[in-house]
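Readers should treat all values here as calculations from the given coordinates under stated rules, not as data from a laboratory. No experiment lies behind these values; they were computed from the predicted model shown. FYI the Cβ positions are ideal-geometry reconstructions off the backbone, even for glycines, and counts take in every protein chain you see.
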Amino acid sequence: MKLSYDKPYIVYISTNADRSVLYTGVTNDLHARLVKHYLNKGTSKSFAGKYFCHHLIYYETFENINDAIAREKEIKKWRREKKINLINIWNPTWTFLNKEICGIWPPKSFTKK
């Protein structure tokens, strides 16, 4: 798997430690978003926080925000099994990719890169 984080808009899928819940989102700062999910873990502030979905398992990059939003909406409409197939093709071991994106994981605090 080749990690590429050089384009401005990212559609991503994160999960919890058991890999039982999937969260799909879009951002232009994946590092900041992952830290935010991590710092909100266990709170009801968001779906990702409530279900501890701060483990990155999939992402794709886009030049255009409209393309990224369209892809996020497309994936969100899919049944779970189709999302699992997408993840299995791109990241067959479901390796958590947070350290590759953020450098240090877990974060002790948030400092914007």
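Only helical DSSP H runs with n ≥ 4 go in: add -39500 (n - 2.57) per run for the chain, normalise by residue count and round the 222 nm mean residue ellipticity to 500 deg cm²/dmol. Please list the in-between numbers first.
Details: 5 runs with 43 residues, N = 113.
Using -39500 (n - 2.57) per qualifying helix, the result is -10500 deg cm²/dmol.
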Mean-square fluctuation maximum in Gaussian network of the chain, Cα pairs under 10 Å, restricted to Asn66, Asn16, Asn40, hits Asn66
How large is ³J(HN,Hα) for each residue in the stretch 32-44, as worked out from phi by the Karplus curve 6.51 cos²θ - 1.76 cosθ + 1.60 (θ = phi - 60°), to whole Hz, x for Gly and Pro?
4, 5, 5, 5, 4, 4, 5, 5, 8, 4, x, 9, 8
Taking H as built 1.01 Å from N, whose amide H comes closer than 5 Å to the amide H of Tyr9, not counting residues under 5 places away?
Phe62
Set Lys73/Lys99; Lys45/Lys73; Lys82/Lys108, cut-off 23 Å on Cα-Cα distance; pairs above it are Lys73/Lys99; Lys82/Lys108
Over all directions, how big on average is the projection of the convex hull of the alpha-carbon atoms in the chain, in square nanometres?
6.9 nm²
Let me have the relative contact order for the stretch 9-102, percent, based on Cα pairs under 8 Å that are six or more residues apart.
31 percent
Dipole of the chain, positive end: most advanced residue of Leu34, Tyr51, Ala68 [Cβ charges, Cα centre]:
Tyr51
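Counting Lys and Arg as +1 and Asp and Glu as -1, each charge on the Cβ, what is the dipole of the stretch 9-102 about the Cα centre in debye, to the nearest 20? Could you put the intermediate results ahead of the total?
Working: 15 positive and 9 negative charges, 95 e Å.
Around 460 debye, computed over the stretch 9-102.
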Most mobile of Glu81, Glu60, Glu100 per a Gaussian network model of the chain (Cα springs, under 10 Å)?
Glu81
